[in-house]
Structures are given as structure tokens and as C-alpha cells.
Amino acid sequence: MTRIGEIVATHSLGFVAESFTLHQPPALGSLVKAPLVAGGEALGVVCFGETVGLQPGRRALRRSDEAVYDSAIYQEHPELVHTIRTEFHAVLVGWQEGGAVRQVLPPQPPPLHYSVAVCTPQEVRAFTERLDYFRLLLAAETPLPSEQLLAAHIRRAYADRGRDDAWLRRAAREVARLLKEEYDRLVTVLSGIAPEGGN
Amino acid sequence: MRRKRLGVVTDGAFNAGLTVRLDPGVSTESLRIGDFVIVEGEEYLYFSAITDLELRATDARVQADPPPDDAAFLREVLQGTATYATVQVKPYLMMRRVSPAEPLAAAEAALVGEEGPRPVKTIPMHFAVLCEAREEDFAAVFGAEDEAHFAVGTPLTQDIPICLDLRRFVERSNGIFGQSGTGKSFLARLLLAGIIAKGLASNLIFDMHNEYAYSVQREGGGWAKGLREIFGPSSVLVYSLDERASRQEGRAVDGVLRLGLNQIEAEDVLLLGEELDLTSTAQATAGLLQDRYGEDWLRALLEMDAEAIQAFCAETNAHPGATEALQRKLKEVARRPYIQPQAAFDQVDEMLHVLEGGKHVILQFGRHQRLLDYMLVANVITRRIMRQYEAKWNRYLETRREEDKPRQLMITIEEAHKFLNPAAARQTVFGTIAREMRKFNVTLMVIDQRPSGIDTEVLSQIGTRVTGKMTEERDIEAVLTGVGNRPFLRGALESLDTRQQVLLMGHAVPMPIVVQTRNYDEAFYQAVAGGGRRPGRPEDLAGKLEELFG
Amino acid sequence: MPLRLGSLGREIEEMASREVTLERRQRVERAREALRRLDPREVRTRLGDPRTVTTFVAALPLGAFAAAFPAPEAPRDFSVAAADGSSMGPDRHFPVRYYVLNTGYAVITYGSRPGAILDSRSRLYFRDEEVYLALQHRTLPVEGAILSAKMAVEELATLFEVASQAPRPVVALTDGVIILWGLQNVPEEVQGEFLGPFLETLGRFAQEGIPVANYISLPGAHDVVNALRVGLCPEAVVNCARCEFEAGRKDSACASLAGVPDRELFIYLREGERSDLFQSRAPILEKYKEHQVGFFYLNAGQEIARVEAPLWVLEDPRTLDLVHAAVVDQCRRGRGYPPALQEAHEQAAITTADRRVVEEMIEEAFARRRVVLPWSAKERSKRERGI
């Protein structure tokens, strides 16, 4: 299991983790997992990513000029990478133990300082067979509007499932069902997941 | 084979019908008003008709702001979710659900008389599934082709035969309605062919336009065979009023009919009142004359001079002017080429004899196609036949011998509203047949484009209505007299194509159904000429359908 | 919020207008004028004369007064090490006497193999010998100036350690820790306690050949201006104790320059340029033996800064140029202030939250041993802040 981060804040609805790779939190909407002390793994959907200063109160200053910009900035200021960190937030959507998958909030959140890993395509495929967890995603309070999060997630799952068109349509209909009285949010999601070329 | 699922019941009431939400993926465009469908309840199957189609949205905003043309994915997903369709469905019949795996249950059902479709008495619960009807369902409700059941066509969207119970069809009077141009005569030919093929009744056809016996040209080219051509001269006899017709090449007639003045009765004058433009006084005068002079009243009238008229009027309190008018008009009638001063009824009796023998008679009118001729002749002949029939029936009642029982006789008349309008219906033999003669095994098949002109009491006696497209409000009202669930049937009538689509309802079908009528073509001729008896064996059916419908 | 901002505002206004009075501007002008005109040799002679007595500290010009030297090019690969320190405690209101020294450091390597190490070393002192300074005839608590001195010693020691491990060439920077002004007014015994290890560390820097310098942002020093005053004195022998102009005559040339900070003098320097060298004559430096300290002023881009360093750094052109180039490079990178110092400072900082955690850890450790620490009522009140 490739560890991609460590949990730095955790609660029943989700967790915050620091990414091991600076500037690259896991993709928005991707499915991640973290161990549960009681056994099994909690599953979450990445809902936010940010890179901030390690110490509170320190702001990023503009450092580029014509000659030095982008990655060169980090060469020019080698201390920078030690003063910032990349974090990501995930909202819990289920848990798995011994092959059984449940799309409800796990009884306890994953423990502080434990590792986070990205779910394999097989795990994604298995989890997304059922779509009950869409409800949890839509109800989540995240920095991102939940319909945008759902759209991002569906795009990722679609890719992880090898561009499974049948699944995409099933997912789209489920979203339409859940947002039947919120047309504007529904259109936001559907426009976000329509396959290239509109069809 | 499982039925194809269309949707689920989400609402409904016994009287109003059921509301079904269509599954996503089922388009309204695959369904038609009047389609025969099945609702699968827990315990019963409900044989129903589609009575309305509606579009809905879960959020009004979708209607205000529908997806743009290039958002194909969006549209596809919204179909059946944010937007969906509902179908209104009216159950007509219900049948207990028994699976082949429960032979005991099936036997039980049979015991309590619950096998087979019965009029509906309850409704299914929420989420009962609506399905397309399969062949077995059509057969269960409408019957399969056999000695009584005759395939008249298919549903609009499926290739499955729908049968009419011709035995029940001929048991009562029935009507073929539709505005002009809807192919009523083809329909009539279809049904008559079926009846002839299955030998369910003897037919007497008053063929006003010389259409039924021999080939006629179709609209758009080609010829349609006549009944005599299909079934042969030994089965179908042709008489004509027009002697010239008898000499036509390839269109032989078996006899030329002559009518005697002595055969015309006052009742006929009543019937012809409008045609002859007679006042009611004049019509009444005919009655007075008949009272006075008996059978010869007409001849007597025609021979009267002014004086004699005066004398007669003085005697009987008749109106001279009316009498004169009557005389004038009836002189015209007397001049008709097929009328002679005296005639015996033996030609008619011969016709009757033929009919009793299980054969069929077509009376052609040749060039005498005025309504006057038609009505007069039809009335006179029918009256004679009626009296004979009644006598026979009474004899049968005495002897109780099967061979004395008169055959089922069906009389086909066109322009029926002329014969059966409220005024005439009470006075003429056709009115009587319509109202009463069912008891004596005589029924009418009326063909008409103006059913609003037909007396309502008569209409209510019409057992089976085969109706093509109608748009006149009062005609639709008339056709639906005495039938329930009118808004749906009204809608169904208005939605029919002008050609080859009819709504069947009444005695010969367990529930109303819209039918695409079968083609009247070579395949059809072969099918009926072969006797038309086809016991419905499932394995055969596919092959037969191939044969029939190509 | 009981601070009465209204009355403060008036006083702030008054302060601002006082600063920009005409008189002040004239002073600065005179001082700049003097810098240009005066002959440094004159001043050197006067300062070298044993009869010279001043009431102020004047710097010794080692070269010209108003020269400018452009920044040399920094080497392709070089490192900058910096250290800073902060302390926590001792708190009179805390039941136990202890203090924490947190020394933060940053080592940044530039060039073909860039890298950085940012870290800190923390230590809690509680032993009697650590929290009290035992002298011959008395015991002094380690706090105030003494604590600052101890911190300075720690800082320099840490700076040497991390600088010596950095890829060469390396320049070590401190934030105020070369001339230990704080030790000036402390008893000689105490001075010795700290100067000993301090000078020893400086010696190691010299041995290793690692230049160490003190970077001062917004320097308030005026020992160069004071050197100018010495130059302007009309007397043949400079003797402030017998100065005729002190009392009454406000427009003596010397008095007219008093109060002007050195940084106002060197605004003629263009970006990256430094002034010529000066030697500091701070009293404490008498005890520095071979580690005499000099300085120069530098246009750091956003301001005029002062860089102090041992003379062995400044008199070797190689190390002088290296320090000059490194500081200029740092100021460029850090938009006016060396990032190495900034990061060292960040690493050294002790937040209020950190303080609380330490206090709680201590309370808990005692509690586990069934000792409840009594707080002073004042402290308790401050913490509870009940209403």
C-alpha cells in the first residue's frame, strides 16, 4: 500500500492529512483509505487540498521575476520547501473490512497520525458498484460545494473503472434521483460528468 | 417468456384508473392511446387499456430551462429522472395469477369460476408493474383464432393477432361507423368474410353501391375481391334490381328482382317520407288508404282521378291536397323500372330459402342507386323476411326440434341513419329488428357515417361497435352512447388514422381495443377461403402469422 | 480594552512632527557633509591619542569615511548558516524555577545542489547550578542580562556546529550576537563566565576559516557619527570632560551632529554597495583579546544595514568579499532581509501555546508524583481572568 499522507486531524465525518508529496495532494474526488483501530479501513473521498505555511501567520510572498519562476523558485530558495506543507481533506463515505463494504459512516474515525493511501482501481470498482454513498457526499459540509465534489468524484471513478459508460449513466441517474428537486445543482453535476463531446 | 416491463403504478382509483410512472428508457413514443397492456398485481393480472399519456418534471425549473440541443448527455440522464412520463391506464378485466408451477391453485381457481378474465372489481397496490401484453395475453382476453374467433387485425405497435368473437358479434346487432373515407366497406367485407368462412350466420346484404359481390377498384390502384369471388357462387348468391347488370361479363347474377306495387305498404311511405318530400299528413294518408283498400291501396291510389280522391277524402276525412301530393309522388315510385303492378313474393321467399340453407345473398342495386330505391327495396324485402322468420320461430318454439330452429341471420344495411332515425326507427321493420329481433336470431349490421342520426334507443341496442376515425362531436357522442369511460374512448377515436385503424368495443370484445385492421388481400382471401377454421396452436401461430400478414 | 488610544494618538502625532522638523534635517545634512569632508586619518590620530576622552563611543575608521565598494559576485555554490535564540522563563509566578532556551537554526545551500536544514534545539534548565550563577561571594539568579548572555553563548555554539557541517564555502550569520553589549554592566566575574566559552567558539570559527558576521537591520548605532564629532572638534585635544561647548552653546559642531544615526550617513551607497571598514570601540571589546570586531554599512536593497564581524574576517579580502557577497545575495533573495536569519528566527520562536504546553507538562509531571504546585494568586488571577 503506497502511503501518501498522515492524518493530522480526524473526526466522525472526515479527516485532514498532510501529504507526503509537496504540492500534490491526492486528486479531488479520489477515493482514499485509512486504517481503523477496530479493524478494517475507513474510506473517504478527497474533498479539498491546500498548501500552506507550517507556522501560522506566515504568508506567501511573490518571489518570481523574468528569470526565475515556477520550479526554479524552489532552487533559488531552498528553505521554502521546509516552511510549507500540503494538506488534504477527505469526507468519510464508508468502510471496508475483510472484503465486505459498507456505505455508511464508520463507527469511529480513523486514528490521528495513521497513514492514508489511495484506493486501487479494483477497490474503487468494488466500492462504486453501489451508489448509496452519493447521499453522504451530497450531504457533506466541505469547502467545495458538494455537487462539484460529487462531479469530481464521479469523473475519477469513471476513469478508475476504465471509462465505464454503463456505470456513468447509472451514476448520473442516481444523481438525478437525489437532486430531483434541485435542478440547478443537478445540472452542475451532470455538466461536470458528461463524457467528452457531450456524449 | 417474461413480459416487457414499462413502468410501475404510483397512484390511482378504481373509477378513475391507474397512474403508472414509466421506467426511464421507456419512451412515450413507443405507446399509443388505446394500447392493450397488462398490470401485474400481487394476486391478479389486470388487462387494461392506455387512456392517457402525460409528461411530468420533478422540478418546475427543468420546464422553464430545458437542456440545450447540444447537451445530449444531460438530456439522456434527465429522461426518466428529473423528467418522466406517466401513463393513465384503465383496467377492464382481471384474472387470478396462477403459475404453471401451481396446478392445484389453477384447479382451485377453475372451481370457483375465477379462471379466465372477468370484469375488474379491484385495483392493484402501489408499485404493481405495467407490462406490454404478450401474445398469450391477447389470446387469453380476445381468444385465439378458432370456430368462433376471427383475427381482425393487430395492435398498433405489435405484431400479434387480435380476435373478434364473431359468434357474439352476430348474436346482436352491431355497427360499423366512421367518417367517410375510413374504409367502412372494406371493414364490412372483412367481417362478412369471417362470418361466411366460419359459417356463424347467413348474411343478407343490401349492396347499395355494388361493392360486395365482385371486385372493386382500390384507392391507389389494384382490385379488391368481392365475396362471391372469394367464396364462390355456390356459397354467395347475387340478385340484382337492375336487369342490365345481369348481362355484364364476368359478373353473373342469380336473379333479377322485381317488386310489385302490392308489396309496398304504408309503412314504406312513412320511411320514404323525407325522400319523397311528403308531409306527415300525406304520410298519414297512406295509412288511411291502406286501411281502406288493403293490399292494393297503392294501385288504387294511383288509379284515382280527382273525383275519386275527393270521394275518398270525404269518406275518410283525408286531406285532398295531401292525397294528391301523395299520389303524385308515388307515381314516381311506380315508374321505377324494377316496379311492376303485381309481383309475388316467391323471389324473396327463394332468397330466404337460400339463406336458411346456410348460404348468403347479396342484393345489388345496379344503377338504381338512389336512396329512395335502396330504402324502399330493403324495407319491403326485409319486412317479408321478418314475417317469415317470426313464423318459423314460433313453430320452432312449438316443436322444440333443433332442425326447426331458424339459422342466425344477419342483415347488412348502409346509410343506416336513414332507416333508423328517431322517426323511422319506431315505424319500420329495421327499427323493430334492431330492438327486438335478436330474440328471433335476426340481427343487423349497420354501416354508417352519421351515427348521430340514429335513434338513441336503437343505438343502445347495438352490441358491438367497430369505429373508424370520427371527429364530429355529436357522432362521437352517439357512438359512445351506453359505453363507460368516455373521455379515453373519445381520445382514442380522435387519434385514429383515417385508414385501417379502428376502435373495437362492445359485445364481441371483452374490452375496448384499438386495432390496425388486417389487409384485405390475396393472403386474406386464401386464409378465409380455406374455411377459416384455425385452431390456435402456439407452434403454428408464428408460421400462420407470417402467412397472414407477410 | 482599557488602552486609551485617543490620548496616545495625540502623542504619536507630536512624535512624528518632531522627527521631521527642519532642525533634524539640517543635522543629517551636516553629518553627511562631514562624512564627505573629514579626513579619516585625522580622526584615527585623535582616537589613538591617549589624551582623548569622549563621553561617547566612537568608531575607528580603518579606511575612508565615504567610500563605496560594489558587491562581488557570490560563488556559484555556497551556504549560509544562521542561528537565533529565544527563551521562556524563569517566571516569578511559577512555583518552580526553570527556564527554556530554544535555539533555532537554518542552513541554506545554494547553487547546483540546493538544500536547506531548518531545525531547533531546545533545553530546559532547572538544576541549581543552571538556574543560579554561583560567584565567589554571592549567587545570582540566571535571568535578564545573564540569561541573555547564556543564550548568546548557546547561539554561537550552535551556529558553529551547524555551519561547520555545511557545504563550503559557508557564511555564518547571527542576529545581534557578536558584541555582547549586555555584558558591559555586569560584574566582571559574570562576564568571565560567559566570555570564556564565547571567545572560544569564535576561535573555532577562525580556525575552521568560517566567517561569522552579525547582521543588523535598521541599525541604531551612531559610532561613526561620533567619529565625525571627534573629527569636528575644534580643540587640539579632544576632551569632552573639559568641553567648553557642552554647556550653553548648542550650536557646537559636535553637538550639532549628536543623535544622528549612522544609517543616515550611508544613503549614498547604491544597492549592494558597502562602505569602507570601521573598528568598533565598544567597551566590552577590551575583553575580546584577539577577536576584535569591525563593521561596515551596506545598502541591502530596502535599507542601510550594518554588518559586524571579527577583524580576522574583515581584513582577509577573501572572507570579506564572501561575507559581502553572501549578505547581498541573501538580502536579494529575502527581499531585504536574509532568509537564513528569518528562518532561524522562526525556528527559535516559542509561541504562547508552546509555553502553556510546557507548563502543563511540568504540572503533570509533578502531579504524577503527587505534588501539587502552588500558583501565586496573581498568576492564578491572570490565568482565570474571571468576570
Quick one: which residues, 5 or more positions from A:V116 or on another chain, have an amide H under 5 Å from its amide H? H modelled 1.01 Å from N in the peptide plane, none for Pro or chain starts.
-> A:I4, A:G5, A:E6, A:I7
Taking chain B as the reference, fit the longest principal axis to its C-alpha atoms, fit the long axis of helix B:184-198 to the helix C-alpha atoms, and give the angle between the two in degrees, 0 to 90, nearest 10.
-> 90 degrees
Based on the Cβ-Cβ distance from C:E23 to C:R335, what FRET efficiency comes out when R0 is 51 Å, to the nearest 0.05?
-> 0.90
From the P(r) of segment B:261-338, can you give the percent of Cα pairs sitting at distances over 21 Å?
-> 14 percent
May I ask you to list the chymotrypsin sites (Phe, Trp or Tyr not before Pro) in segment A:132-176 that are in a DSSP loop and have at most 13 other Cβ atoms within 10 Å of their Cβ?
-> none
Taking only the alpha carbons of segment A:3-198, what extent do you get along each of the three principal axes, in Å, biggest first?
-> 51, 45, 30
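Per 0.36 nm of contour for each residue apart, how much would the distance between C:L5 and C:V372 grow if the chain were fully extended, relative to their Cα-Cα spacing?
This chain segment gains 127.9 nm when fully extended.
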Counting every Cα pair in chain B, what percent are over 44 Å apart?
-> 27 percent
At 222 nm, what helix-only mean residue ellipticity would chain B give, in deg cm²/dmol to the nearest 500, using -39500 (n - 2.57) for each DSSP H run of four or more?
-> -11000 deg cm²/dmol
Loop-resident sites, segment C:208-285, for trypsin sites (Lys or Arg not before Pro), counting at most 15 other Cβ within 10 Å (DSSP) | C:R249, C:K250, C:R270
Note on segment C:201-336: C-alpha Rg/Rh, Kirkwood Rh, two decimals, gives 1.04
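Report the local net charge at B:H507: Lys and Arg +1, Asp and Glu -1, summed over other residues whose C-beta lies under 13 Å from its C-beta.
Charge balance in the 13 Å sphere: +3.
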Which of A:A90, A:A157, A:A176 moves most in a GNM of chain A, Cα contacts under 10 Å?
-> A:A176
Computed over the Cα atoms, what is the radius of gyration of segment B:5-142 divided by 2.2 N^0.38 Å, N being its residue count?
-> 1.23
With labels modelled as points extended 7 Å from the Cα through the Cβ direction, what inter-label distance (nm, one decimal) is found for B:A72 paired with B:R499?
-> 3.5 nm
Rounded to the nearest 10, the angle in degrees between the Cα long axis of helix C:223-232 and the longest principal axis of the Cα atoms of chain C comes to 30 degrees
Normalised by the number of residues in segment A:3-198, what is the relative contact order in percent for Cα pairs under 8 Å and 6+ residues apart?
-> 26 percent
How many nm is it between the label spots at C:D49 and B:D23, if each spot is 7 Å from the Cα in line with the beta carbon?
-> 11.4 nm
Would you please give the residues with an amide H less than 5 Å from that of A:I84, counting only those at least 5 places away or on a separate chain, with H modeled from the backbone geometry?
-> A:L54
Provide the net charge surrounding B:K418, with neighbours chosen by a C-beta distance below 10 Å and charges set as Lys +1, Arg +1, Asp -1, Glu -1.
-> -4
Cβ-derived FRET efficiency at R0 25 Å, B:N317 paired with B:D296, nearest 0.05 = 0.75
So who's got an amide H within less than 5 Å of the one on B:V120, skipping anything under 5 residues away but keeping other chains? H placed 1.01 Å off N, in plane.
-> B:L93, B:M94
Once the Cα gyration tensor of segment B:319-362 is found, what semi-axes does its equivalent ellipsoid get, as square roots of 5 times the eigenvalues, in whole Å, sorted largest first?
-> 34, 11, 9
In chain B, what % of DSSP beta bridges are antiparallel (nearest 5)?
-> 60 percent
Under a Gaussian network model of chain C whose springs join Cα atoms within less than 10 Å, the largest fluctuation of C:V96, C:V107, C:V28 belongs to C:V96
Mean projected area (nm²) from the convex hull of Cα positions in chain C is 24.6 nm²
17 Å reach of a label modelled at B:E147, 7 Å along Cα-to-Cβ, counting backbone N of segment B:357-378 | B:358
Across segment A:134-145, in residue order, what do the Karplus-derived ³J(HN,Hα) couplings come to in whole Hz, using 6.51 cos²θ - 1.76 cosθ + 1.60 with θ = phi - 60° and x for Gly and Pro?
-> 4, 4, 5, 5, 5, 7, 5, 9, 10, x, 8, x
Using just the alpha carbons, could you tell me how many Å³ per residue the convex hull of the protein assembly as shown encloses?
-> 345 Å³
Computed [θ] at 222 nm, helices only, for chain C once each DSSP H run of length n ≥ 4 contributes -39500 (n - 2.57) = -12500 deg cm²/dmol
How far is it, in nm, from the label point at C:R383 to the one at B:R56 when both lie 7 Å from their Cα along the line to the Cβ?
-> 6.6 nm
In degrees between 0 and 90, to the nearest 10, how far off the longest principal axis of chain B does helix B:371-399 point, with axes built from Cα atoms?
-> 80 degrees
Have a look at C:R32, C:R121, C:R355 and tell me which one the Gaussian network model of chain C (Cα, springs below 10 Å) gives the largest fluctuation.
-> C:R355
When only alpha-carbon atoms count, how far does segment B:284-403 stretch along each of its three principal axes, as whole angstroms with the largest first?
-> 56, 39, 20
For segment B:312-325, Karplus-derived ³J(HN,Hα) couplings (6.51, -1.76, 1.60; θ = phi - 60°; whole Hz; x for glycine and proline) come out as 4, 5, 4, 5, 9, 6, 6, 8, x, x, 4, 4, 4, 4
Could you size up the charge dipole of segment C:1-103 around its Cα centre, putting +1 on the beta carbon of Lys and Arg and -1 on that of Asp and Glu, and report it in debye to the nearest 20?
-> 360 debye
What are the ³J(HN,Hα) values, in whole Hz, obtained from phi via the Karplus relation 6.51 cos²θ - 1.76 cosθ + 1.60 with θ = phi - 60°, for each residue of segment B:117-125 in sequence order, with x given for Gly and Pro?
-> x, 10, x, 6, 10, 8, 10, x, 7
May I have the extent of the alpha carbons of segment A:127-199 along their three principal axes, as whole Å values ordered from largest to smallest?
-> 29, 26, 22
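Too long at a 23 Å Cα-Cα cut-off: which of B:K329/B:K418; B:K359/B:K469; C:K150/C:K287; B:K392/B:K439?
B:K359/B:K469
Rule-based calculations on the coordinates, nothing more; no lab input. Model, not experiment: these values are computed from the prediction. Positions of Cβ are backbone-derived with ideal geometry, glycine not excepted, and every protein chain shown enters the neighbour counts.
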